[in-house]
Structures are given as C-alpha cells and as structure tokens.
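Data block below; observations after.
None of the figures in this text is laboratory data; all of them are computed from the coordinates on show. Treat the numbers as computed from the prediction; the structure is a model and nothing was measured. Cβ coordinates were reconstructed from backbone atoms using ideal geometry, including for glycine residues, and neighbour counts include every protein chain displayed.
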C-alpha cells in the first residue's frame, strides 16, 4: 500500500514540475507601487465590496498602477494570511476594507514596516497604517427623510450587521432623519450578525416585514433585504451602491460610497513620497459618500426636503447629532446646544439608541 | 442495471495505473475549467507550485497548513482503527481551542512554558471529553457514533459562538464580537521561523506509529476494530480500551485546536478551525490510517490549499473558482479510490466473466 501512495505522489510531483517549467512566477518589480486590497465579500456583491472594487478600478485607470485583490476573506486569522500573500506577491500598499481586519492589519503593519497600510472603518493607526472612513451618518440621515415620508404603517425596518459604533450611529442618524419629517414613525432593528450573507439578511428583512414594517433599510452588504421588500410589495433603501436594478419596484435611494478619488489621492501621495499616517473621514462635501439619486418610487415631496438638508450639510451648517437628543429610556444623552463630534459618533460611547428606535444592543445586556 | 462488487484481484501495478489515470484526468478536466476562465492551465498549475514551494514564505505557509491537518488526522486515525467513525474532529478542535483559551485568558501571567503546558492539557482534556460523550452513548445504548459525533460539531461551534458574542466578548473591541487576544506568554514559540507545532506534529507521527504498531494497547485497538468479540474472547477489557482510544483520538484533535488558537488565531474565534476537522477525515482516509502516509497526504493537501490561495492572488481567479478547482482534483483522486476498491459492471455481464477478462 505504501508503495502505491508513494507512486501516486511521484506522479503528482512529475505532473506539477512539468507545469512548473512552463509556469510563471510572480516577480516583484523594483520600487514601483503595487496596491493590494482585502475584501470581505465577492467583488460583485452589489454592495460594500463592489463599491470598494469600483474604487480600486478607478485607481487603476487613473494612475495606471498595478492592483491586486483577495475576495471573501473572513475577519479572523485568514485575513492576516491574505495580507501576507498580497505582500508576497509584491504589493507595497495594502487597503483592508472591513472593521474586523483592524487588529490583523495592525499586526501586519508592525511586521512589515516598509509596506503602507490603510484600514477602512476602524480607529487604530500606526506609523505605516492609516485609517479611513466617512461621515456616513450624513446620507443616512437623508435616507431617513425619504423613509419617514414614505411609510404608511409608521414602522420602518432596519437590517443591521453588528453592534458596533459604525452601525449604531447609522441607525441613530437614520432614525433622526425619519423623525425630522415623521415624529410618529419608529425604526425596528434586527441584527443579522454578519456583514454579508444574503440568506441571513433576507431572513431579518422578512421578520421585519412580518412585524408590520413597510420600508426596509439596511446596514449589510447584499441586496437581499431590498429584494425581500419588493416581494412583499414594500419599499426599500439600499446601502453602498445605487442598486436600483436589484429591486426596481421597491428601491427608492441608498446612502452610497465613492472611494475612487480617495484611493487616487492617497496612492498619488505615496508615489510622490509624501505618505503620512492619518485618520481620514470625509463627508458629502468631500464627495466620498452621498445619497444616490431618488427613483420614482420615492415620495414626491422627498426630493426638495433632502436637497434642503443636503445643502446645509455641504455648507457645514448642519449637525446630525445635535442636542437635545434622548436615548430610548428618555435620558438626555446630548444636551441642548451641544453636538457630537466625529470621534464621539464613532467612539466607544456610541452604545445607545436614540428615542424612536425599537431594538436593543445585545452587547450591553 | 448496474452492479458494484468488491475488487480482490487488482495487482499493485494496476492500482498504480488507475491512480495515475485519476491524477491526469483531474489535471486535464481542471485544465479545461482554467481555460474557460481565460488562463493558461500550465501557468496556473505552475503558479500553484510556486505558491506552495516557490519561496520561503510560501513554503512556510504550506507547513503552517500541514501542522493541524497532521495532528487532527492522527487523532482521527486512532478512532478509525477501532472502526469508531469519529466525524467529530471539527468539534473536538473547537473544544480543544476552548480549553486552551480558558487557561490562556484566565492565567495570562504564568511563566510561558507552564502556561503553554497547561493550555495543551486543557485542550487535550476538552477535546477528549467531547469525543468521549458519543463513545459513552455508543457503549451504553448502541447509538450511532457517526451521526452523534457529527452533531457534536455543531454544538461545539455554537458554544464558541456564544462565548464570542456573550460572556467572553472583549469589552475593548467597541462592541465587535471578538474574544480578547492572548497575552505573549500564551503564544507558541517559533523554531526555524515556524511555530513549534511542526515539531509536535512530527513527534506525534513517530509516537502514534509506535503506539499502534509496537505497543500492547495499540494492538488491542486494532483487534477491537477487526472484531470486538475476538477481543473479548482474548480477555481484553474492551470498554476500557475504547475509552482510552477515544480519549486519545479526541485529545489529539483538541491539541490541534490548542495549537491553532495559540499560534495562528492568537485567540478563540469561530474561525479557529476553518474546516480542518473535516478535511482531516479525507487526509486520514487517503493516508490509509498509517501515520507516515498521513504526514505525506496532509502535506500534499496543504500544497493544494496554499497553491489555490496563491493563484487567487496572482491570477486574480475568484475565490469560488479556486475552490471549484480544488474540488475537481479531490473528486478524481477520491473517485479513483472507489474504482480501486470496487468494480462496476452491468447486469447482463456476469461477475465471473469480468474476472476472466481480468480488468
């Protein structure tokens, strides 16, 4: 028996070495910039990852740099391996685009001082590691206006990924937007506990629809909550990308990302030798994010209202988290005359829901 | 009608021929798939090898993948030797990682050697006990261990999920469901650039080989696997031997969990195993329950997995396509085992005719 297996092995080796002779090897080319991306979902997820991949392609076109990516990389130890592989393949700039990659990225940054790292949506930096995100609460608030005007049942569903400040602040901003036009509406939250899993996201949306919601919003990467809404004749808001083709009868608008210009700027500064670790968080004004154009499904009066608030946001005269703000129990969290800064909105203390949200943050049970 | 019968007449040369044919067919079929994807199959196969051996980095990664496969396969092989179909290695890895993490998170300030030793003991105990539960029910009530051990996997996974989302969630992680990283003392040291799991794995290959083939207990396990009645007739304490063997089997899987949690994840998480417990069933089987062969087969598997990861990076082949590629190769290799063990013929041909033809 042993001999058979050894023979088998030898054959495999032979076949492989034959291939090896004609095979190519990935060479690292001098001091040129080569950019690697680590993605949580498939590049065609219709959401978060696709928005980043669009940014990557824009970068490739604009600066003619070589890019590489790894898709569907889990947030555990696998992500370190993906980063190592990209570096091994010659990448000297790495963008990691999911919250859970933060600590692995930091660890890799320490091990690879010559590689520049960018982590999206976290809060840690190092000498060779920047973080970047955006003031997503701005378009979230605007999308809340659309939802608040659309709902008839005054129940709006929100499919949400994890109980982290990024997601919680989005729900809060959305709810504030809803209540600015419709004080009687409530926002019901369902946790999917995944960034991308179309089945789980859909289940959460269906549960919300069963609960009487007639508009579904989401902080998840696939379009399945929007499809679930369309199947029930309800309405939906997307996230990340203009996804009007996924559920045309339900989709009204979506808070969207536009990463391309940021990627171009950063990589350009690296090429010019001007890299400096930083924490970037642009808003609608900077163009990194926005609200997608409203479709005909959106309520007619929404457009003017959204435009009005959006204009103030661009001018810098509008704060989403402006006092007085109460939490679900009625305790005042932001007093009159104060507002939350970016660091507070995305900081550890963002572990409460504003009044009008129905749901709980399980982490703080 | 198609009939299947056990082969008894195959010569060594014939079985080698069949295996060669299987590998060639696998490479050919997968090659067509690669062509459809728009790449040159030879370049892709070449790149798989470059990825797995081409440089120090790739080689290290291959070894890192081999280590848990070997340790887990050795564990499974002991149970399989006794014809106890332990499909629960995945769960035993999780519980082993849990036991090790319990020690690592609660006693982070113990001296490194002591802490690592205690983590290993914790891992082995938890993995062993997890395997012992289905063994106990089989011995007492005659339950089916294949299903029982399989189901235990999901309980273990959900247990770790519960810890990660609940009581063990790191308060420093801003609400993200993650268990705190281990302290420096709880991480396996490196030797020659790779964590010392590789030494543990090599020692275990040697030790398990010795145990099965050259000790009384090892022999008794083999006898029970062949016939429990014979074992009983020969005066062996069957229950005691089963308990020992299953503890050892689950314990080794638990040790693999400890190694992964300590050296790779550096914490406990639902990703700590990454499906090794299932892959190891295949490597155990292809390794024909023999320790040295398991080492070899596990290494080849690691080459395939690492090569598959590399081509995703270099050729930007989608992750799903790389998995399909690995699945195709596996399908043919496993398929050839079937045709080596059995022959298939149509009813209008009698079995005796076929034997005469000497296929």
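Quickly estimate the mean residue ellipticity at 222 nm for chain B, helices only: each DSSP H run with n ≥ 4 gives -39500 (n - 2.57), and the total goes over all residues, rounded to 500. Don't skip to the end; give the middle numbers.
Working: 14 runs with 256 residues, N = 359.
One gets -24000 deg cm²/dmol as the mean residue ellipticity at 222 nm.
In this calculation the C-beta distance from residue A:112 to residue B:28 is compared with R0 = 45 Å, giving a FRET efficiency of 0.70.
Taken over the stretch A:189-298, the percentage of Cα pairs per 5 Å bin, counting from 0 up to the bin with the maximum distance, is 2, 12, 19, 18, 14, 11, 9, 7, 5, 2, 1, 0.
Once every DSSP H run of n ≥ 4 in chain A is given -39500 (n - 2.57) and the sum is divided by its residues, what mean residue ellipticity at 222 nm do you get, rounded to the nearest 500 deg cm²/dmol?
Taken over chain A, the calculation gives -12000 deg cm²/dmol.
Once the Cα atoms are used to define both axes, helix A:78-88 deviates from the longest principal axis of chain A by about 50 degrees. The simple Förster model, with R0 at 25 Å and r as the Cβ-Cβ distance, assigns residue A:210 and residue A:331 a FRET efficiency of 0.20. Comparing B:269, B:323, B:77 in a Gaussian network model of chain B, where Cα atoms under 10 Å apart are tied by springs, the biggest mean-square fluctuation is seen for B:323. Rounded to two decimals, the Cα radius of gyration of chain A over 2.2 N^0.38 Å is 1.10. When the Gaussian network model of chain B links Cα atoms closer than 10 Å, the mean-square fluctuations of B:174, B:86, B:229 top out at B:174. Looking at the protein assembly as shown, what % of its DSSP beta bridges pair antiparallel, to the nearest 5? Looking only at bridges with both residues in the protein assembly as shown, the antiparallel portion is about 30 percent. For an R0 of 60 angstrom, estimate the FRET efficiency from the Cβ-Cβ distance between residue A:249 and residue B:139 and round to the nearest 0.05. Efficiency at R0 = 60 Å is approximately 0.50.
P(r) tail for chain B: Cα pairs beyond 32 Å make up 40% of the total.
Over chain A, calculate the relative contact order: mean separation of alpha carbon pairs under 8 Å at least 6 apart, over the residue count, as a percent.
On the way: 765 pairs, mean separation 61.3, N = 365.
Relative contact order of chain A: 17 percent.
Spatially, the stretch B:12-27 and the stretch A:188-258 are offset by 51 Å when compared through their Cα centroids.
Across all Cα pairs in the stretch A:108-252, the calculated P(r) in 10 Å bins from zero up to the longest distance comes to 13, 39, 28, 12, 7, 1 percent per bin. Annotation for residue A:232 and residue B:288: the two label points, set 7 Å from Cα along the Cα-Cβ direction, are 5.9 nm apart. With respect to chain A, whose longest principal axis is taken over its alpha-carbon atoms, helix A:198-210 is tilted by about 10°.
Taking Cα pairs under 8 Å and at least six residues apart, what relative contact order does chain B come out at, in percent? Mind dumping the intermediate values first?
Values: 559 pairs, mean separation 125.5, N = 359.
35 percent.
Restricting the calculation to Cα atoms, the stretch B:160-254 shows an Rg/Rh of 1.21 when the hydrodynamic-style radius is the Kirkwood one. In this rough spin-label picture, where each label sits 7 Å from Cα along the Cβ direction, the residue B:159-residue B:6 distance is 3.7 nm.
For the protein assembly as shown, what is the convex hull (Cα atoms) projected area averaged across all directions, in square nanometres?
Average of the hull's projected areas for the protein assembly as shown equals 36.7 nm².
With each label modelled as a point 7 angstrom along the Cα→C-beta vector, the residue A:277-residue A:126 pair spans 0.8 nm.
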